[in-house]
1. Return the pairs, sorted by first residue and then second, in which the second residue is among the aliphatic types (A, V, I, L, M) and loosely packed, with under 15 Cβ neighbours inside 10 Å, the first residue lies in the range 82-94 and is in contact (Cβ under 8 Å) with a residue 12 or more places away in the chain, the beta carbons are less than 9 Å apart, and the residues are 6+ apart or on different chains.
2. Against the condition at pLDDT 85 or above and not in a helix (DSSP H, G or I), how does Gly41 come out, does it pass?
3. Looking at the structure I just gave you, is Leu59 under 30 Å from Cys98 (Cα atoms) and at pLDDT below 90?
4. Looking at Arg105, is it under 26 Å from the mean Cα position of the chain (by Cα), charged (D, E, K, R), more than 30 Å from Thr8 (Cα to Cα) and at pLDDT below 90?
5. Residue check, Glu46 against (1) in a helix (DSSP H, G or I); (2) at pLDDT below 85, all met but one. Which one?
6. If the requirement is being at pLDDT 90 or above, in a loop (DSSP other than H, G, I, E, B) and among the basic types (Lys, Arg), which of these qualifies: Lys34, Lys75, Lys90?
7. Answer yes or no as to whether Glu10 is surrounded by fewer than 10 Cβ atoms within 10 Å (Cβ to Cβ), at pLDDT 90 or above and not in a loop (DSSP other than H, G, I, E, B).
8. Is it true that some residue in the range 20-32 is under 14 Å from Lys5 (Cβ atoms) and surrounded by fewer than 17 Cβ atoms within 10 Å (Cβ to Cβ)?
Amino acid sequence: MGTPKIWTEENTREAQKLQRKGFTCTQIADKLNKSKNSVSGILYREKLKTGHKPIARHLASVNEGMNVYFKKLGKRDCMMCEKKFDTYGKFDKFCETCKKSNYFRGNEIYV
């Protein structure tokens with residue numbers, strides 16, 4: 001590869017200055033004789049040091065109640081409790097309450 005691997009404070013400041021001017025990581029890498037991935041990595045780490053918080057990519061983990069991936073197909077009766085529930089696929093046969101019960105999971109207690 002042959003490119004120097006050490007980032008000095010001067011190189012870091014120069015990369016940040018070029019980024020603010022609108023240069024791409026590839027252009028900055030060419031000017032500083034570094035790899036593109038090295039430039040993008042140092043710029044990202046510097047952003048984290050100054051308090052940048054990355055956004056959560058997976059919306060379902062942020063809001064579990066929001067179904068992001070499937071469209072609602074309609075309503076149907078649960079096969080255990082017979083209550084109506086929203087269905088998102090043709091294989092939905094049980095409501096969420098029944099799915100979380102011990103009986104549904106096969107963990108029922110026999111006396």
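The values are calculated or read from the model by the stated rules, or taken from the named source; none is laboratory data. Note that this is a predicted model, so its numbers are computed, not measured. Here Cβ is always computed from backbone atoms with ideal geometry, including for glycine, and neighbour counts include all displayed protein chains.
1. Asp86/Leu73; Thr87/Leu73; Tyr88/Leu73; Gly89/Leu73; Lys90/Leu73; Asp92/Leu73; Lys93/Met79; Phe94/Met79
2. Details: at pLDDT 85 or above: yes; not in a helix (DSSP H, G or I): no.
The answer is no for Gly41.
3. Values: under 30 Å from Cys98 (Cα atoms): yes; at pLDDT below 90: yes.
For Leu59, the condition - under 30 Å from Cys98 (Cα atoms) and at pLDDT below 90 - is met.
4. no
5. All conditions pass for Glu46, except number (2).
6. Values: Lys75 fails: in a loop (DSSP other than H, G, I, E, B); Lys90 fails: at pLDDT 90 or above.
One residue alone meets the criteria, Lys34.
7. Details: surrounded by fewer than 10 Cβ atoms within 10 Å (Cβ to Cβ): yes; at pLDDT 90 or above: yes; not in a loop (DSSP other than H, G, I, E, B): yes.
Criteria met by Glu10.
8. No; the residues of the range 20-32 include none that is under 14 Å from Lys5 (Cβ atoms) and surrounded by fewer than 17 Cβ atoms within 10 Å (Cβ to Cβ).
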